[in-house]
């Protein structure tokens, strides 16, 4: 494969001014990341600060109803509330080893922003976070958490005022501050080497899941399901399965956000509804018009509200290595409610899309088998959205 490509997807489509820091980061990934001392320090941080390993939780009530065993990989139990901290601790530690003194990040749902702010505080780095004004409004608790952790949060008021526009502003900031600052990219997307770096840091999810499944029921699961926006939690889950020949029979299912589902509505499902194009330094699947102009995206979950997807997911989709479906807002909200009321777990709305797909497609899943959903985050951040869309549940 060409460097930085997954099949025909990936690459480095960036201004010349970004080539030096990307080259510096690529060299650091090749030399610092594999270093035994670096890996030892990262492992200590993941265990004693983030809270790894996360448990694999059986859902007895839903399992009895569905006719198969439903398991949750509990990334929601990590410090800061989501899988994002696996990536930010690794990148912050890498940045410090590179001699950087500051981190810049983008965030949609706010979980990556919180995780970046926490990692920066832990490792003595300053932190700047760009967040779309619309996401600042609907994820206010996470904005407060970022500021409490010492981050400077900059609302982005142009474009759709969501994740796409936050990434644009973070890249501009990085161009100006590249000497002292590392861009802590939040998902497995963007220009090379970010998709590979984020995937490798998140692969701890899939590695743990395989070992835990063997311990819990003596085999690998029949099906693994994860939500997909940019795709970091899903790539972290899927990649170890794809690389393991023993897991060839495991069905890997990624779930995109289908928006409201009404005719002509905006979605966040580029793998299902998009076409190939270039955005944020990568060639990938995008929501765009015939002239290549990026279309607005929508999801009830801020973390999935993005018109593109990581290039490795685009490759998995094209190569048939994983399958990708979409779930609309109302079904994701229903999945959220089911897990709250029947298992006592409050999931993030992003993860609720994956859970909803399992609930809605139970008849097509193996009776008596084992299905794992990656519960990528907890739902504390979504309470205002839940109050708006599910008032009866909160009454």
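Every read-out reported here was derived from the displayed coordinates using simple, explicitly stated rules and does not represent laboratory data. No experiment lies behind these values; they were computed from the predicted model shown. Heads up, the Cβs are rebuilt from the backbone with ideal geometry, glycines too, and the neighbour counts pull from every protein chain shown.
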Count the DSSP beta bridges whose two residues both fall in the chain, then state the antiparallel fraction as a percent rounded to the nearest 5.
35 percent
Over the range 86-198, what relative contact order in percent results from Cα pairs under 8 Å that are six or more residues apart?
31 percent
For the chain: relative contact order, % (alpha-carbon pairs under 8 angstrom, 6 or more apart):
20 percent
As a footprinting exposure proxy, order 357, 174 by other Cβ within 10 Å, with the fewest listed first.
174, 357
Taking Cα atoms, the helix 349-360 axis meets the longest principal axis of the chain at an angle in degrees (rounded to 10) of 30 degrees
Scan [x] 32.0, 102; [y] 27.2, 93; [z] 19.3, 57 for the value of Rg and Dmax of the Cα atoms in Å calculated from this model and give just the label.
[z]
For the range 270-316 and the range 359-395, compute the distance between their C-alpha centroids and round to whole Å.
24 Å
Report the relative contact order of the range 1-138, percent, no decimals, based on alpha-carbon pairs under 8 angstrom and at least 6 residues apart.
16 percent
Distance between the C-alpha centers of the range 187-261 and the range 78-145? Whole Å please.
22 Å
Between residue 27 and residue 47, how high is the FRET efficiency from 1/(1 + (r/R0)^6) when r is the Cβ-Cβ distance and R₀ = 35 Å? Nearest 0.05.
0.80
What distance in nm separates the two pseudo spin-label positions at residue 16 and residue 215, each 7 Å out from Cα along the beta-carbon direction?
5.4 nm
If you count, for each residue, the other Cβ atoms within 10 Å and average over each peptide, how do 73-85, 146-158 line up from highest to lowest?
73-85, 146-158
FRET efficiency for residue 262 and residue 37 from the Cβ-Cβ distance with R0 = 41 Å, rounded to 0.05, comes out at 0.15
Quickly rank 266-272, 47-53 as a protection proxy: mean count of other C-beta atoms within 10 Å, highest first.
266-272, 47-53
Spin-label model distance (nm) - residue 144 vs residue 248, 7 Å beyond Cα toward Cβ:
5.3 nm
Can you classify the range 17-169 as rounded, prolate or oblate using the Cα gyration tensor, where a ≥ b ≥ c are the square roots of its eigenvalues, rounded means a/c under 1.5, and otherwise it's prolate if a/b beats b/c and oblate if not?
oblate
Could you give the nm distance between label points at residue 321 and residue 61, where each point is 7 Å from its Cα heading toward the beta carbon?
3.8 nm
Please label the shape of the range 298-395 as rounded, prolate or oblate, based on the square roots a ≥ b ≥ c of the eigenvalues of the alpha-carbon gyration tensor (a/c under 1.5 means rounded; beyond that, a/b larger than b/c means prolate, else oblate).
oblate
Can you give the angle from 0 to 90° between the axis of helix 232-243 and the longest principal axis of the chain, with both taken from C-alpha atoms, to the nearest 10?
80 degrees
Going by average Cβ neighbours within 10 Å, how do the peptides 252-263, 128-139, 30-41, 230-241 rank, with the highest at the top?
230-241, 128-139, 252-263, 30-41
Using alpha-carbon positions, the gyration tensor of the range 1-64 gives root eigenvalues a ≥ b ≥ c; with a/c under 1.5 called rounded, otherwise prolate if a/b exceeds b/c, else oblate, the class is oblate
Taking the 0 to 90 degree range and rounding to the nearest ten, how far is the long axis of helix 329-343 tilted relative to the main principal axis of the chain, both from C-alpha atoms?
70 degrees
